[in-house]
Amino acid sequence: MRAHPAGPRHGEILAPSGAPPLPADTDALHSLSPVVWPLTTARSDGAGLTARSVSIAGVDVRDLAAEFGTPLFVLDEADFRMRAAAFREAYDDPQAPADVFYAGKAFLSATVARWVAEEGLGLDVCSGGELLTAVRAGFPADRIALHGNNKSTDELDLALSSGVGRYVVDSFEEIVRLADAATRHGVVADVLVRVTVGVEAHTHEFIATAHEDQKFGLSLAGGAAEEAVRRIVKLPSLRLLGLHSHIGSQIFDTAGFEVSAHRLVGLAASIRDEHGLEVAELDLGGGMGIAYLDGEDPMTPGDMADLLRSIVVRECAVYGLTLPRLAVEPGRAIVGPSMVTLYEVGTVKEVDLGSGHARHYVSVDGGMSDNIRTALYDADYTVRLVSRVSEAAPVLSRVVGKHCESGDVVVRDCWLPGDLEAGDLLAVAATGAYCRAMASNYNHVPRPAVVSVKDGVAQVVLRRETPDDLLALDAGLTS
Ligand code: LLP
């Protein structure tokens, strides 16, 4: 198994990629499985192959490309709201009250922050920039949780002056820094202790060893979490609200959460025994997985909520603890499937692989600057020709970007029609999470726009960067 270069914790660890199965026929080559494509995606059944383009929320991708340019992130508002609402409903149980915080790191803009607020979710932010976006968008600050392993005093000041509801503290230094800042602001800050529970989960596997060698959290096994609680309860400007853990990302089952909940509840019991204090909240973090490929089968929010609830209820019963308010922080599972990236094909190159095989290198007008996940995590994606249908035979293809680097791959192995040509539009599914959010300006390529679509209308959510935006930073050109 290949190690994730940025640390295994947050990457999908995928087997070395190989050619996916050959599509059965032309229909399969053009299929738009609802497992990976946004809710409102449809291929028109107009006459003629070129008329059979794809629309999202009733907006033709060719019109989107013509009006907003490519690469373009297209966000299906109905899909996003449907997923947010599904999480809210899944955790809406009067017997076991719970909160859902959308993890803004997956993708955040003012528009999205407003949708999240309207759908009744809270918001997890992990930097001053995310916090400022939420605050300026008018997101109710008491429903914001501030994360981060190195929150600056400026970030804490912004949070305290905005009335942020929860601080997930990550170090002994931060406890002091936050307590001082809260005293200066004349407020009492509600804190959760981020606990390193010794669980690491990815997709179908989890490892429940003492995985302590990482930057996040305060170790349970090493006693740092308990020590953090001792320090917090002594500080009048802090109030211990609860315990938090985040075990990984792109998780498909509850086994890792079960161990994490077991350990957190055990800690809650020892806090009660030592301090006579029952923690009010238990936050199990995010990481709920999504399908990137047809055939992948993530749990529904409802099924996962039922399991998580029953685990926490059972663990609390074991220790005789009052059931704390539960919280989860899904990012990818809400925004991931709601967005697709639209690219225009530039060049197509046939490369001889030997033994009678060839691969088409299909270059698009973006790449690792708008989707680093393939290069960074070996992530797999689904891609389709969307501006027309083709009856040409499928060809083993690799969708690559325009960057000056051979690792600049968007979709490593896929089947695409053999007659792709410059001007065709391709769409890559499930790019809502950690693509625009992790976009860069590598090679001085401006970052793409994000456009939301709903009921036949497209609206800019984030405008496209222009070359002038990039040049404006260059003091040698502006002074
Ligand atoms: N809560 C905490 C404390 C987190 O650290 C994260 C993600 C989340 C919630 C949301 O996790 P989600 O539900 O989106 O999996 N760049 C990587 C993912 C990094 C996740 C970082 N933390 C990727 O592209 O796969």
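Observations
- Selection within the range 382-411 - charged (D, E, K, R) and farther than 12 Å from L425 by Cα: E391, R398, K402, E405, D408
- Of the residues in the range 142-163, not one is out of contact with any Asp or Glu (no Cβ under 8 Å at 6 or more places or on another chain) and farther than 24 Å from S237 by Cα.
- The criterion of at least 1 residues that are among the polar types (S, T, N, Q) is met by the following helices (runs of 4 or more DSSP H) wholly inside the range 289-383: 301-319, 373-377.
- Restricting V125, V112, V100 to those that are in the same structural domain as V169 (by TED's automatic domain parsing), away from the ligand (no atom under 12 Å from the Cβ) and among the β-branched types (V, I, T) reduces the list to V112.
- Pairs where the first residue, in the range 276-292, is in contact (Cβ under 8 Å) with a residue 24 or more places away in the chain and in the same structural domain as H262 (by TED's automatic domain parsing) and the second is assigned to a loop (DSSP other than H, G, I, E, B) and within 9 Å of the ligand (Cβ to nearest atom), C-beta under 6 Å, 6+ apart: G285/S245; G285/H246; G285/E329; G286/E329; G286/P330; G286/G331; M288/P330
- Close pairs from the range 344-358: first of a type in the set (S, T, N, Q), partner surrounded by 11 or more Cβ atoms within 10 Å (Cβ to Cβ), Cβ under 6 Å, at least 6 apart: T347/S363
- Subset of the range 409-433 [at positive phi and surrounded by fewer than 24 Cβ atoms within 10 Å (Cβ to Cβ)]: G423
- Residues in the range 48-63 that are crowded, with 22+ Cβ neighbours inside 10 Å and in a helix (DSSP H, G or I): 1 in all.
- Filtering the range 68-85 to residues that are among the β-branched types (V, I, T) and surrounded by fewer than 24 Cβ atoms within 10 Å (Cβ to Cβ) leaves only T70.
- Residue in the range 148-163 that is among the aliphatic types (A, V, I, L, M), under 23 Å from A225 (Cβ atoms) and within 15 Å of the ligand (Cβ to nearest atom) present: no
- Selected residue [small (G, A, S), at pLDDT 95 or above and out of contact with any helix residue (DSSP H, G or I) (no Cβ under 6 Å at 6 or more places or on another chain)] from A327, A358, A393: A327
- Considered as a group, the residues in the range 224-248 that are of a type outside the set (A, V, I, L, M) and farther than 19 Å from V187 by Cα include one that is farthest from the ligand (Cβ to nearest atom), and that residue is R230.
- Residue in the range 436-448 that is closer than 21 Å to F68 by Cα, at pLDDT 95 or above, away from the ligand (no atom under 16 Å from the Cβ) and buried (at least 24 other Cβ atoms within 10 Å of the Cβ) present: yes
- Some residue of the range 317-325 being crowded, with 19+ Cβ neighbours inside 10 Å, under 30 Å from the mean Cα position of the chain (by Cα) and closer than 30 Å to V125 by Cα: yes
The values are calculated or read from the model by the stated rules, or taken from the named source; none is laboratory data. Values in this document were obtained by computation on a predicted structure and should not be read as measured data. Virtual Cβ from ideal backbone geometry, glycine too; neighbours counted across all protein chains shown.
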